[in-house]
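The values are calculated or read from the model by the stated rules, or taken from the named source; none is laboratory data. Keep in mind the model is a prediction, meaning the values are calculated, not measured. Every residue, glycine among them, receives a Cβ derived from its backbone with ideal geometry; neighbour counts consider all protein chains shown. Note: accessible area is taken over every heavy atom of the protein model, side chains too, but ligands, DNA and RNA are not part of it. Shrake-Rupley method; radii C 1.70, N 1.55, O 1.52, S 1.80 Å.
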Amino acid sequence: MRKNLYQCSFAAFCFLISTTLPAQQSPQPKWPRTPAGNIRCYTDEVDAWRNQQGGSAARSTFEKWVANQLNSQPISKRLVPVVYNIPVIFHIIHSGEAAGNGTNIGATYVNAQLQQLNDDFRKMAGTSGYNNHAFGADVLVNFCAATLDTNNNALAEAGIQRINKNTFGATNPPFTVNYIETTIKPNSIWNPDKYLNVWVADLAN
């Protein structure tokens, strides 16, 4: 379950960062592709980079956090199947374009990503995530678009916070992974104990 939760968080993270690591941190390999020719997510590479930086979201830190969450629940409660609803907020970093244009992507793409995450983790009949694999299972995690902001005000668009980079003096995109970590995220993250944060931005490389 802990592994699935970790992969779940990084599945959303892949939506943000499908990129190679900064040139100063590691060589720039060719994009690895699946047999179908699709570029795969750089989850493991980014996680390795985070560990090198001592980032708080490194895998070991995440695993400890999940273990603490599990240990805080009575065993009797853990034995009862419960679907955990995780509010998701997409921080869309743009350069002033109108919603639905350029880097200020439309809600259609956000909603499609949420739907795909739920398809992948719920194994519901009639969805792309349903399978007959021996290890296939509903992991009882449901991703939902956040409807309230951190002050309990209703969001104009469920699950979306549109941020003009100029509001906190960000440099012009494309952004490096390091810039995302040190500048974009600290200026826009919502409480990670209450929200799954996803950033969408114009990335370098």
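I'd like to check something: does segment 147-161 contain any residue that is surrounded by 18 or more Cβ atoms within 10 Å (Cβ to Cβ) and more than 24 Å from Val82 (Cβ to Cβ)?
Yes: segment 147-161 contains one or more residues that are surrounded by 18 or more Cβ atoms within 10 Å (Cβ to Cβ) and more than 24 Å from Val82 (Cβ to Cβ).
Out of all the residues in segment 191-201, which are open to solvent by 20 Å² or more (accessible area, probe 1.4 Å) and among the aromatic types (Phe, Trp, Tyr)?
Scanning segment 191-201 gives a single hit, Tyr195.
Name the single residue, out of those in segment 85-101 being touching a strand residue (DSSP E or B) at 6+ places or on another chain (Cβ under 7 Å) and either free of Cβ contacts under 8 Å to residues at least 60 places away in the same chain or surrounded by fewer than 13 Cβ atoms within 10 Å (Cβ to Cβ) (or both), that is farthest from Asn166 (Cα to Cα).
Selected residue: Asn85.
Is segment 118-125 home to any residue that is free of Cβ contacts under 8 Å to residues at least 12 places away in the same chain, out of contact with any Asp or Glu (no Cβ under 6 Å at 6 or more places or on another chain), in a loop (DSSP other than H, G, I, E, B) and farther than 30 Å from Asp202 by Cβ?
Yes - at least one qualifying residue is present in segment 118-125.
All but one of (1) modelled with pLDDT under 90; (2) farther than 15 Å from Val198 by Cα; (3) touching a helix residue (DSSP H, G or I) at 6+ places or on another chain (Cβ under 9 Å) hold for Asn142, so report the exception by its number.
(1)
Would you call Ala112 out of contact with any helix residue (DSSP H, G or I) (no Cβ under 8 Å at 6 or more places or on another chain) and open to solvent by less than 80 Å² (accessible area, probe 1.4 Å)?
Numbers: out of contact with any helix residue (DSSP H, G or I) (no Cβ under 8 Å at 6 or more places or on another chain): yes; open to solvent by less than 80 Å² (accessible area, probe 1.4 Å): yes.
Taking the combined requirement at face value, the residue satisfies it.
Name the residues in segment 126-146 that are touching a strand residue (DSSP E or B) at 6+ places or on another chain (Cβ under 8 Å) and either in a strand (DSSP E or B) or under 15 Å from Val82 (Cα atoms) (or both), would you?
Selection gives Leu140, Val141, Asn142, Phe143, Cys144, Ala145.
Kindly provide the set of residues from segment 162-189 that are hydrophobic (A, V, I, L, M, F, W, C) and in a helix (DSSP H, G or I), ordered by number.
Within segment 162-189, Phe168, Val177, Ile180, Ile184 qualify.
Residues of segment 162-187 being of a type in the set (Ser, Thr, Tyr) and either within 25 Å of Val46 (Cβ to Cβ) or open to solvent by less than 70 Å² (accessible area, probe 1.4 Å) (or both), which ones?
Once the filter is applied, which keeps residues that are of a type in the set (Ser, Thr, Tyr) and either within 25 Å of Val46 (Cβ to Cβ) or open to solvent by less than 70 Å² (accessible area, probe 1.4 Å) (or both), segment 162-187 yields Thr171, Thr176, Tyr179, Thr182, Thr183.
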